[in-house]
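Let me begin by presenting the structure, written as structure tokens, before commenting on it.
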Amino acid sequence: MRIVLLGKPGSGKGTQASMLSQETGLPHLSSGAILRGEISEKTPFGMKIEEYVLRGEIGPQELITDLVLSYIERKGFTSGFILDGFPRTVYQAENLDGRYRPDRCVHIDVPDEVIVDRISNRLTCGRCGEIYHTVSRPPSGRGACDSCGGPLTRRPDDNAEAIRRRLETFREDVQPVLDIYRRAGRLITVDGSRAPAEIYRALREATTGLSRQHRVTREPR
Ligand code: AMP
């Protein structure tokens, strides 16, 4: 089962993908996390894309497409994954369809004002990527991740200017992807303005057929 989760930054894709991954065993692949990994390891690719990621822009998408698709292949996840943050452009969607056509395309739909509140209160674990909200989902330990004990920080691109640009990028680049999936009858939309558990119920329904039998090797943390 190949699933793609689409939505604005802060729509809850990461949280939902991680919950679905825990229940099904399907690996959760976040293109943003893959790119941030390249940046923190200071690879030549990471250095090339760092400024785009900091500004909340798409960057050199041929390179990013190659990186994500070859990551899927290298990790042996070609028949089952939950993709979060990819595809973000029509080019990426076409290339993904050509290699690993998704079985379910789910749009987590959230209004802009909810997004701004969520992102400006978001804390992310620097080690495992778990996501917290200072008000609605605070970590129990001070400054440390409940899952792995890693340090919790604000992402450098979670600032007002970058959020505005990322929402703009969504309208310009991701909206056409949603339109293509919708016209082809492949898009499932869930209301993402509710509490995470309620969104998750809708997501599970949207991906019915998912069960333990689709279990694949989990990505090592
Ligand atoms: P995210 O963690 O999904 O919010 O992504 C953070 C940033 O990484 C984005 O603002 C982009 O700069 C970059 N990024 C993530 N995924 C993609 C993608 N599929 N294509 C291009 N840039 C991406």
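The values are calculated or read from the model by the stated rules, or taken from the named source; none is laboratory data. What you see is a predicted model; the values in this text were computed from it and never measured. Methodologically, a virtual Cβ is constructed for each residue, glycine included, from the backbone with ideal geometry; neighbour enumeration extends over all protein chains shown. Remember, those area values only see protein heavy atoms, side chains included, never the ligands or the DNA or RNA. Shrake-Rupley method; radii C 1.70, N 1.55, O 1.52, S 1.80 Å.
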Starting from the Cα gyration tensor of the stretch 115-209, take the square roots of the eigenvalues, sort them a ≥ b ≥ c, and report rounded, prolate or oblate (rounded when a/c is under 1.5, otherwise prolate if a/b is larger than b/c, else oblate). oblate
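Please label the shape of the chain as rounded, prolate or oblate, based on the square roots a ≥ b ≥ c of the eigenvalues of the alpha-carbon gyration tensor (a/c under 1.5 means rounded; beyond that, a/b larger than b/c means prolate, else oblate).
Judged from the Cα gyration tensor, the chain comes out rounded (a/c under 1.5).
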Mind jotting down the distance between the C-alpha centroids of the stretch 22-79 and the stretch 92-129, whole Å? 13
Compute the Cα gyration tensor for the stretch 26-125, then decide on rounded, prolate or oblate, letting a ≥ b ≥ c be the square roots of its eigenvalues: rounded whenever a/c is under 1.5, prolate when a/b is larger than b/c in the other cases, and oblate in all that remain. oblate
Roughly how many percent of the accessible protein surface of the chain is carbon and sulfur, given a 1.4 Å probe and a whole-percent answer? 49
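Determine the calculated [θ] at 222 nm for the chain from helices alone, applying -39500 (n - 2.57) to every DSSP H run no shorter than 4 residues and normalising by the residue count; nearest 500 deg cm²/dmol.
-13500 deg cm²/dmol
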Per-pair calculated FRET efficiency, R0 = 45 Å: residue 205 and residue 47 via Cβ, rounded to 0.05: 0.60
Taking a probe of 1.4 Å, how large is the accessible area per residue of the stretch 106-187, in Å²? 53
Taking the dipole of the stretch 1-92 about the Cα centre (Lys, Arg +1; Asp, Glu -1; charges at Cβ), the one of 30, 43, 11 that reaches farthest to the positive side is 11
